[in-house]
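What follows is a single structure, written as structure tokens, with notes after it.
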Amino acid sequence: MSQTFDAVRRRLLAKMISELSWEEVLHPEHGDPCQLKLASGRIYRFRATRRIWDNLDIAPESLLVDTGETPCPLRFVIDARVELGMTPDTEAMFLRELSNTLRQDIELERLYGDLDAAALISLPTRTLHAALEGHPKAVANKGRLGWGTADVTAYAPEYAQPIRLFWLAADSDLLRSGTSGDIDETELLDQVLGVDEANALRQRAQQAGAVDAHVLLPVHPWQWRNHLEQAFVVEIAQSRLIPLGQHGPDFVATPSLRTLTPVNTRPYEVKLSLGILNTSAWRGMPGKYIELGGALSDWLDGLVHADPLLNSRVMVLREALGHWAAHPILSDCPDAPYRHHEMLGAIWRENACAKVGPGRQAVMAAALFHHGACGTPLAQTYAMAAGVPIKVWLKALFEATVVPLWHMLCRYGVGFIAHGQNITVILENHMPVGMALKDFQGDLDLVDQDFPEMHGLDPAIRALLPRKPPAYIIHDIQTAHFVTVLRFLSAALARAGQMEEDQFYHVLQQVLLDYKKRHCSLADRYRMFDLFEQMMPKVCINKVRLSIGYGDSGERPLPARGTDLVNPLSGSWHHQEGVRHDPTLADHLF
């Protein structure tokens, strides 16, 4: 057995024990070493550092099992059967997801494991994103149920294989559509495909029988072969959907799988329905936001341009054009599982790499806590390349990301679920100078009060978006960004000996306090959206899957809530115990 395989298995098991302990599914005894005694009689031992968010940072190489066997995450599921509490069918499917994840972790190590951090940050952005490990909290983050190995090789981001879009001519009566106010669909497709290729596709559509009522609609080639060609058999026979084949330039998959970005840095990327299960949800596309996505993008873009603080730091990646098709028969089955209602849709969105312009990079926030073969996190490597101390670099990062997120919430009542793929950090000479925001369909909330600053937002959009009380919408920052991004960044820097976590959060705290002093007029809103309260909820995503299993449902699963966390920004995290609250409050968090 190779050392690489052993190391990858240990890393996945270390993450598994760490996250499931943090979510209070497992209860190891703390010490040197820590011990996890399972009801099966197995005992797992390991060294770990308790981090500031009360999570265990486990040294993978220290993992031992009392049997003397090499630790394996798959075997651990069997050993911890009582603690994980899954039904037999859920356990079997979870093992499939975990096994798929392990295979792709091995592939990531094969493809990128030899690159140190300096080599990683010199890669083209799309290649750097291909090297990322996936959702930091989800244990089985590359389950991709529905794909075999040939599909994974062709369409998963780590391989960066070129993908040509499959095109349909779709009867507009089938579609819900929405555009940004200044977007012309003909011009957009000319930019996406190139004028000659776009005209060739239009000619192909006419030859196939398309008329003016038909719209050119891209789909993922895998989705066409594995879902659409069979599910829409009636509409195809009636020429309401006319298949045109694969056309246009090459795209590659991003870490979100269903978003494809152009290889040639053209101005738009495309988000497509994809009928696979990954990180808790089917990756289809809901239709309820499509018609208003462009108008919402335009409103946000207008806010940013009119606000002096946001104008210099924030870029809105507008959703220029969207189409979504309801299945004519399944739409009469409204209580059918949501995945059957989300098979066919496409959104053209501005491409960050193209929009930032020359001399700048657009890097997902999730890349910052990724590390190279040297063990150095990329954030530290960017700081070194910029020639500044990590404290100075982090201050710039927080000014460019956290301050605008809080400002948009306090002034406009707008909350972004700011996880590591939704937030793109804009770098210039390796220093953070701004951020790009994207994915407003389901990842954007409004406070449940009508602020005067919401003036100009279409009432239909206001009615459509989730409305959350201040105490809950604040977790679009705290849970989605602090816990899901900064928790891993602060731990990575501490592990690398670059900065202790209390210093990390002191820098963030000071940046936010300085912002408050400069904008005293929002004092009431700062109290309403308080980032400094002593306690904050812990939101758990893995234990939900263990509990509800893999059965189809009408809605996406909601997270669970655990024991509350001591907030590092409160300055009172030392020797504190959490307080358990009503778990149903998690319904409001996402």
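The values are calculated or read from the model by the stated rules, or taken from the named source; none is laboratory data. The shown structure was predicted, so the numbers you read here are calculated from the model rather than taken from an experiment. Positions of Cβ are generated from backbone atoms using ideal geometry, with glycine treated the same way; all protein chains shown enter the neighbour counts.
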Checklist entry - Is it the case that some residue within region 145-155 is assigned by TED's automatic domain parsing to the domain that holds LEU292, surrounded by fewer than 15 Cβ atoms within 10 Å (Cβ to Cβ) and in a loop (DSSP other than H, G, I, E, B)? => result no
Item to check | Residue among LEU20, LEU36 that alone is hydrophobic (A, V, I, L, M, F, W, C), surrounded by 17 or more Cβ atoms within 10 Å (Cβ to Cβ) and part of a strand (DSSP E or B) | outcome: LEU36
Next on the checklist: Against the condition among the acidic types (Asp, Glu), touching a residue at least 40 places away in the same chain (Cβ under 8 Å) and closer than 28 Å to GLN230 by Cβ, how does ASP335 come out, does it pass?
Outcome noted: yes
Checklist entry - So which of HIS227, HIS247 ends up being in contact with a Ser or Thr (Cβ under 9 Å, 6 or more places away or on another chain) and either at negative phi or assigned by TED's automatic domain parsing to the domain that holds THR424 (or both)? => result HIS227
Item to check | Count - residues of region 530-558 that are part of a loop (DSSP other than H, G, I, E, B), on the phi < 0 side of the Ramachandran plot and surrounded by fewer than 21 Cβ atoms within 10 Å (Cβ to Cβ) | outcome: 14
Item to check | Subset of region 432-452 (residues that are acidic (Asp, Glu), touching a strand residue (DSSP E or B) at 6+ places or on another chain (Cβ under 9 Å) and modelled with pLDDT of 90 or more) | outcome: ASP445, ASP448
Next on the checklist: Let me confirm something: among ALA379, ALA373, ALA418, which residue is within 22 Å of LEU108 (Cα to Cα) and within 21 Å of the chain's Cα centre (by Cα)?
Outcome noted: ALA379
Checklist entry - In this structure, is HIS455 surrounded by fewer than 24 Cβ atoms within 10 Å (Cβ to Cβ) and touching a residue at least 24 places away in the same chain (Cβ under 8 Å)? => result no
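Per-residue answers, yes or no, for (1) in contact with a Ser or Thr (Cβ under 7 Å, 6 or more places away or on another chain); (2) closer than 21 Å to PRO255 by Cβ; (3) outside the structural domain of LEU189 (by TED's automatic domain parsing):
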{"position": "ALA281", "(1), (2), (3)": "no, yes, no"}
{"position": "ALA295", "(1), (2), (3)": "no, no, no"}
{"position": "LEU303", "(1), (2), (3)": "no, no, no"}
{"position": "ASN311", "(1), (2), (3)": "no, no, no"}
{"position": "HIS323", "(1), (2), (3)": "yes, no, no"}
Checklist entry - Before we move on, is GLY420 touching a helix residue (DSSP H, G or I) at 6+ places or on another chain (Cβ under 9 Å) and buried (at least 22 other Cβ atoms within 10 Å of the Cβ)? => result yes
Item to check | Failed item in (1) under 30 Å from GLU133 (Cα atoms); (2) crowded, with 19+ Cβ neighbours inside 10 Å, with GLU428 passing the rest | outcome: (2)
Next on the checklist: When you check PRO249 against the structure, is it in contact with a strand residue (DSSP E or B) (Cβ under 7 Å, 6 or more places away or on another chain), more than 23 Å from LEU123 (Cβ to Cβ) and either part of a strand (DSSP E or B) or not charged (D, E, K, R) (or both), yes or no?
Outcome noted: no
